[in-house]
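The values are calculated or read from the model by the stated rules, or taken from the named source; none is laboratory data. Please read all numbers here as calculations on a predicted model, not as lab measurements. When we count neighbours, we look across all protein chains shown, and the Cβ atoms used for this are built from the backbone with ideal geometry, even at glycine.
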Amino acid sequence: MRLLLLAPPGAGKGTQGERLARRFGVPHIAAGDLLRAEARGATPRGRQVAAYQERGDLVPDEIVFDVLTPAVVEAAARGGYILDGFPRTLPQATGAAEVGVRLGVTLDAAVYLSAPDTVLTRRLLARASQGGRTDDTADVIRHRLQLFARATGPLVAYYQKRGILVAVGADQPPESVTAEILARLSDVPLATASDVPPGREGPAAP
Ligand code: ADP
């Protein structure tokens, strides 16, 4: 299974990513987590990443590719992945598609989780009050939601055009979201590595 999760902050990408990864027995590759790990490193690049994340800005694509590509390539070789939070911009999506073509793998589905901004903000503030992340402040949350709409929103149409978009409402309990995703995925014809001879990938390579 090769799947990506497209969702605004607070929609539950992390939770669903973990559940889907367990369900399909593939790694859960969370862009935010990998970048936070990078930010903890006492390197110039780590400090740079930390500054972007604290402001709720998107980390530059070049750094994102450097950090994410090895994990994606390794997971692809072992049978699949659940990508959570990557790609998040059109250039990242087209760059990831090129990596997919090089690896001879296609994406099975792009799962879009949506919920009203009021619900998302409420969830993130609740997480903050439980000692959550430093980017879960009211101002930074607003900025992250705006950035999602502007930079990541266009990916919904991008994957819809490729016929692999699965849109699920995230304003329901986590178990119901998982159940709905799994039900919707059962309608999706899954591309397996053996279906896709190298060089003959469909248009939806990740
Ligand atoms: P959320 O979706 O709640 O913002 P994430 O953990 O997915 O949480 O991301 C946290 C931060 O990590 C983002 O605000 C951004 O700074 C950075 N980030 C994560 N994924 C990407 C990406 N694909 N491109 C650029 N920056 C990213």
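A single member of 115, 97, 75 is farther than 25 Å from residue 177 by Cα and hydrophobic (A, V, I, L, M, F, W, C), and it is 97.
The listed residues are 97, 128, 93, and the only one of them that is away from the ligand (no atom under 11 Å from the Cβ), closer than 19 Å to residue 5 by Cβ and either of a type in the set (Gly, Ala, Ser) or in contact with an Asp or Glu (Cβ under 6 Å, 6 or more places away or on another chain) (or both) turns out to be 97. Going by the conditions given, is residue 50 within 12 Å of the ligand (Cβ to nearest atom), in a helix (DSSP H, G or I), in contact (Cβ under 8 Å) with a residue 12 or more places away in the chain and buried (at least 18 other Cβ atoms within 10 Å of the Cβ)? No, not satisfied.
Close contacts from segment 1-25, counting a first residue that is within 11 Å of the ligand (Cβ to nearest atom) and a second that is part of a loop (DSSP other than H, G, I, E, B), with Cβ to Cβ under 7 Å and a gap of 6+ residues or different chains, come to 4/107; 4/206; 7/170; 11/115; 11/170; 12/170; 13/7; 13/85. Of the residues 120, 113, which single one is assigned to a strand (DSSP E or B), within 14 Å of the ligand (Cβ to nearest atom) and either at pLDDT below 95 or more than 25 Å from residue 70 (Cα to Cα) (or both)? Among 120, 113, only 113 is assigned to a strand (DSSP E or B), within 14 Å of the ligand (Cβ to nearest atom) and either at pLDDT below 95 or more than 25 Å from residue 70 (Cα to Cα) (or both). Set side by side, the residues 72, 49, 67 differ, and just one is at pLDDT below 95 and aliphatic (A, V, I, L, M), which is 72. Against the criterion of being near the ligand (Cβ under 8 Å from one of its atoms), closer than 30 Å to residue 175 by Cβ and aromatic (Phe, Trp, Tyr), residue 86 qualifies. Evaluated against (1) more than 15 Å from the ligand (Cβ to nearest atom); (2) of a type outside the set (D, E, K, R); (3) without any contact (Cβ under 8 Å) to a residue 12 or more places away in the chain, residue 37 falls short on exactly one condition, (1). Number of residues in segment 100-125 that are under 17 Å from residue 2 (Cα atoms) and in contact with a strand residue (DSSP E or B) (Cβ under 8 Å, 6 or more places away or on another chain): the value is 9. The set of residues in segment 64-78 being within 12 Å of the ligand (Cβ to nearest atom) and surrounded by 17 or more Cβ atoms within 10 Å (Cβ to Cβ) consists of 64, 65, 67, 68, 72.
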